[in-house]
1. Of all the residues that make up segment 81-108, how many are over 11 Å from the mean Cα position of the chain (by Cα) and either farther than 25 Å from ASP67 by Cα or free of Cβ contacts under 8 Å to residues at least 40 places away in the same chain (or both)?
2. For segment 114-123, state whether one or more residues are under 24 Å from GLY63 (Cβ atoms) and out of contact with any strand residue (DSSP E or B) (no Cβ under 7 Å at 6 or more places or on another chain).
3. Quick one: in segment 36-45, of everything that is part of a loop (DSSP other than H, G, I, E, B) and farther than 24 Å from VAL94 by Cβ, which residue is modelled with the highest pLDDT?
4. Can you confirm whether THR118 is farther than 22 Å from THR92 by Cβ, assigned by TED's automatic domain parsing to the domain that holds THR92 and in contact with a Phe, Trp or Tyr (Cβ under 8 Å, 6 or more places away or on another chain)?
5. Only helices (runs of 4 or more DSSP H) wholly contained in segment 54-156 count here; list those with 3 or more residues that are within 23 Å of PHE40 (Cα to Cα).
6. Any residue in segment 139-156 that's in the same structural domain as HIS99 (by TED's automatic domain parsing): show its pairings with residues that are among the hydroxyl-bearing types (Ser, Thr, Tyr) and part of a strand (DSSP E or B) at Cβ separation under 8 Å, as long as the two are six or more apart or on different chains.
7. Do you know which of the residues in segment 48-57 that are touching a residue at least 40 places away in the same chain (Cβ under 8 Å) and over 13 Å from the mean Cα position of the chain (by Cα) is surrounded by the fewest Cβ atoms within 10 Å (Cβ to Cβ)?
8. Taking THR39 as meeting all but one of (1) closer than 14 Å to PHE6 by Cβ; (2) touching a helix residue (DSSP H, G or I) at 6+ places or on another chain (Cβ under 8 Å), write down the number of the exception.
Amino acid sequence: MKIVYFFNAIYGVGGPNDVTTKIHGLDFLENSWKPLIPTFNPLIQPLDNEAIIPKSHKDGFNGTVLDYYLKTWNIDTLITVGFHLKSCLFHTCVGARHHNYRVVMLRDCTNSSEFPDTVDDKNPEGGWLRFVFLRIYETDIGFTSTSYDLKRALLN
């Protein structure tokens with residue numbers, strides 16, 4: 001299984017002339033730009049042979065080499081995890097679908113408290129807005145599963 005890590009490079013990845021700095025109103029960085037070196041939690045630290053891709057958009061396919069890597073590895077199915085369902089994870093999964101990948105998002109490997117004002121103890125998804133996001137995802141983008149069910153399916 002191939003694993004790809006993303007990190008947010010909102011200040012741009014191409015030096016002081018990167019248009020991203022202009023888009024985000026960060027012109028003051030022109031003379032002080034430094035490359036961003038990501039740090040990862042030790043529990044999910046990438047191995048030396050795993051890809052680390054900087055991105056400056058919510059969609060991990062937009063302006064990156066992700067599609068190239070996946071195509072060279074003959075990958076057609078993505079199992080996605082991430083922090084914010086409503087932001088980068090959602091948009092990257094939409095990008096994956098637009099690039100003709102089958103996408104499976106692991107529901108329990110996302111931040112379940114990202115919609116704190118909609119939390120409902122009676123809702124198995126944690127809250128009604130998260131429930132709606134997941135149903136939209138399953139209707140328009142791909143599949144969802146839990147990590148437990150995925151592991152069980154892979155072992156059978």
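The values are calculated or read from the model by the stated rules, or taken from the named source; none is laboratory data. Computed from a prediction, not measured in an experiment: that's the story for all the values here. Heads up, the Cβs are rebuilt from the backbone with ideal geometry, glycines too, and the neighbour counts pull from every protein chain shown.
1. 6
2. Looking through segment 114-123, none of the residues is under 24 Å from GLY63 (Cβ atoms) and out of contact with any strand residue (DSSP E or B) (no Cβ under 7 Å at 6 or more places or on another chain).
3. In this case the residue turns out to be GLN45.
4. yes
5. Passing ranges, in order: 66-72, 88-98.
6. ALA153/SER145
7. GLU50
8. It fails just one condition, (2).
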